[in-house]
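Data block below; observations after.
The values are calculated or read from the model by the stated rules, or taken from the named source; none is laboratory data. These numbers were taken from a predicted model, which means no experiment stands behind them. Cβ sites come from the backbone with ideal geometry, for glycine too, and all protein chains shown count toward neighbours. Surface accessibility is based on the protein's heavy atoms, side chains included, excluding ligands, DNA and RNA. Shrake-Rupley method; radii C 1.70, N 1.55, O 1.52, S 1.80 Å.
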Amino acid sequence: MQVVVIDYGMGNLQSVLRAFEECGADVIISDQPASLKTASHIVLPGVGAFSDAMNQIHAMGWHDAIRHEAIQSHVPLLGICLGMQLLADTGCEGGQTQGLGLVPGTVQKLVPDTPQTHIPHVGWNEFHRVQDHPLFEGIADGTDFYFVHSYHFKPASGQHAIGSTPYCGGFVSAVQSDNIFGVQFHPEKSHRPGFRIIENFLNIN
Amino acid sequence: MLKVRVIPTLLWKGAGLVKGVGFDSWRRVGTVLPAVKVYNMREVDELIVVDITATAEERQPDYESIQEFAYESFVPLTMGGGVRSINDIRSLLRCGADKVAINTAAYADPSIITKAADVFGSQCVVVSIDAKRQSDERHQCYSHCGSKPTGLEVVQWAQKVEELGAGEILITSIERDGTMEGYDLDLISKVSTAVNIPVIASGGAGTYEHFYQALTQGKAQAVAAASLYHFTEQTPLQAKLYLKSKGIHVRTSQLT
């Protein structure tokens, strides 16, 4: 097993690395797209704005490498937070920008539904499964995970929505298309339930 | 529903974990790293670690130690103390902190809040405010670990930091700190109702009921405490079970 955490030059990836290590994975952080050739699992983390991230992904040569491994080689890929959003067709943060186009959908700003609802959505909130999936094995419905975000993934079709979270009227907090997964929360900062998601992901081949 | 957070605060001085009363009489209660490990094992909602002498000693945060704390932390970690520049914040985040608390530096140059929010996002910018009740019932903000009056009234400063881009406010009552007699509910509620960003109540918690008061009367979104955990048998988990029994939405999924 070789987990590759994609470093596209934005944010701290140590927490992600540590959590995968804690789950027993053989994991590296790489800024070299060629490293994906040896990957058994790919992790696309993310902090920052959609457009900046996509610019970096193009500039560093990740775009085609990620798409190739995910689509042609069927390597399981997990997008975390912004990493999940980048799987979409387009995002609007920092201007309308093309995403990786791996899960059909768009990324939009969260819209508060009550005066008490604040953006960004920061803190522990519930995760509800929309579809049963091996990624959520052993995770009780309604388990709290740690979220930090202002935008959310809107899948083009309900079939790609596998989890939701009750905030701003409810948003899709997990997506899937074949071997490609995305979670809006931070498993690396959600302790035991987060470890379980990571272990479940590592068990997907 | 977004949960209220129960947060242990670890005050760090030199090589030790300390706790004082009224920002004074610091007493050593252990070492920081083992405490980080224990709270992490207990799956707390979040941890706040503040280096209380970095600013007074005019030195940078101790990045090597902070990296070790982050290494052991699989829950969100806020680091504070000695944060003076955007570079300090960048280094702290790079060490693995999820949020950074700014206090004294914000009075000297409020634009650091805006710059930090622009570069790293407001979600990682916590402005820490230490306030003391004055004879006219107003609360004044103090810098330099509670030692220097700033002349600023707390509500005005809280609103200013929100406007500048702070993502969260950690409000501490200087004279309640370490007393375990309860939060300054007037201070907490003044600040909570004046801003739209989350407010973390701090200073004075001695019982779980004090948490309940800070969340209901004080309208805070999170409750921080130190002495209560250092000097009594009370725990963050028991606190949450108590709050849950009184109808507060807390995260208890670590029990399952």
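On the basis of the beta-carbon distance and an R0 of 45 Å, residue B:233 and residue B:63 show a calculated FRET efficiency of 0.85.
Among B:185, A:110, the sequence by solvent-accessible area, most first, with a 1.4 Å probe is B:185, A:110.
Give me the accessible area per residue for the range A:1-105, probe 1.4 Å, as a whole number in Å². Per residue, the range A:1-105 has 36 Å² of solvent-accessible surface. Restricting attention to chain B, the count of lysine pairs at 8 or more positions apart or across chains with alpha carbons under 20 Å apart stands at 27. To put it simply, the accessible area of chain A at a 1.4 Å probe is 48 percent carbon and sulfur.
The residues of the range A:167-205 listed by number as losing at least 10 Å² of accessible area in the complex, against the isolated chain and with a 1.4 Å probe, are A:167, A:188, A:189, A:191, A:192, A:193, A:195. What the phi angles of the range A:50-58 give under the Karplus curve with 6.51, -1.76 and 1.60, with θ = phi - 60°, is a coupling list of 3, 5, 4, 5, 5, 4, 5, 4, 5 Hz, glycine and proline written as x. Using heavy atoms of the protein chains and a probe of 1.4 Å, the accessible area assigned to residue A:68 is about 90 Å². A probe of 1.4 angstrom, applied to the heavy atoms of all protein chains, finds residue B:133 with accessible area near 70 square angstrom.
Taking 60 Å as R0, compute the FRET efficiency from the Cβ-Cβ separation of residue B:147 and residue A:28 and round it to 0.05. Rounded to the nearest 0.05, the efficiency is 0.80. Straight-line reach from residue A:37: taking Cα to Cα under 18 Å and skipping same-chain neighbours fewer than 8 places apart, the aspartates and glutamates in range are A:7, A:26, A:64, A:69. Near residue A:131, once Lys and Arg are set to +1 and Asp and Glu to -1 for all other residues with Cβ below 14 Å from its Cβ, the sum equals -3. Residues of the range B:193-212 with an amide N closer than 16 Å to a point placed 7 Å from the Cα of residue B:245 along the Cα-to-Cβ direction: B:207-212. Figure legend: label point modelled 7 angstrom from the Cα of residue B:94 along Cα→Cβ; residues of the range B:111-152 with amide N under 18 Å from it are B:116-117, B:119-121. Amide H contacts for residue A:79 (H built 1.01 Å from N in the peptide plane; partners 5 or more residues away or on another chain; cut-off under 5 Å): A:44, A:181, A:182, A:183. Taking every residue in A:119-131 and counting other chain Cβ atoms within 10 Å of its Cβ, the average works out to 5.
With a 10 Å cut-off between alpha carbons and a GNM built on chain B, which of B:181, B:57, B:153 moves the most? Of B:181, B:57, B:153, the Gaussian network model singles out B:57 as fluctuating most.
Across the range A:63-70, computed HN-Hα scalar couplings (Karplus, 6.51 cos²θ - 1.76 cosθ + 1.60, θ = phi - 60°) run 3, 5, 5, 5, 4, 5, 5, 6 Hz from first to last residue, x flagging Gly and Pro. Karplus-derived 3J(HN,Hα) values for the range B:195-206, using 6.51 cos²θ - 1.76 cosθ + 1.60 with θ = phi - 60°, are 10, 9, 8, x, 10, 9, 7, 8, x, x, 5, x Hz; glycine and proline are entered as x. Annotation for the A:B interface, with buried accessible surface near 2400 Å², both sides summed [1.4 Å probe; non-protein components not counted].
Neighbours of residue B:203, meaning other residues whose beta-carbon lies under 15 angstrom from its beta-carbon, give a summed charge of -2 when Lys and Arg score +1 and Asp and Glu score -1. Amide H to amide H distances under 5 Å link residue A:162 with A:174, A:175, A:176, where only residues 5 or more positions off or on other chains count and H is placed in the peptide plane. Only helices enter this figure: runs of n ≥ 4 DSSP H residues, each worth -39500 (n - 2.57), summed and divided by the residues of chain A, yield -5500 deg cm²/dmol at 222 nm to the nearest 500. Springs join every pair of Cα atoms under 10 Å in this Gaussian network model of chain B, and among B:99, B:190, B:148 the largest mean-square fluctuation is at B:148. Any chance you could tell me what percent of the C-alpha pair distances in the range B:3-45 go past 15 Å? Of the Cα pairs, 47 percent sit more than 15 Å apart. Where the alpha-carbon atoms of chain B are placed on the principal axes, they occupy 44, 43, 38 Å, in descending order.
For the protein assembly as shown, a simple Cβ point-charge model (Lys and Arg +1, Asp and Glu -1, everything else neutral) yields a dipole of about 540 debye relative to the Cα centre.
Neighbours of residue A:168 by Cβ distance under 13 Å: Lys/Arg scored +1, Asp/Glu scored -1, total +1. Dividing the summed -39500 (n - 2.57) terms of all DSSP H runs of n ≥ 4 by the residue count of chain B sets its mean residue ellipticity at 222 nm at -9500 deg cm²/dmol. So who's got an amide H within less than 5 Å of the one on residue B:222, skipping anything under 5 residues away but keeping other chains? H placed 1.01 Å off N, in plane. HN-HN under 5 Å from residue B:222: B:5, B:199, B:201. Computed from label points 7 Å out along Cα-Cβ, the spacing between residue B:42 and residue A:74 is 4.8 nm.
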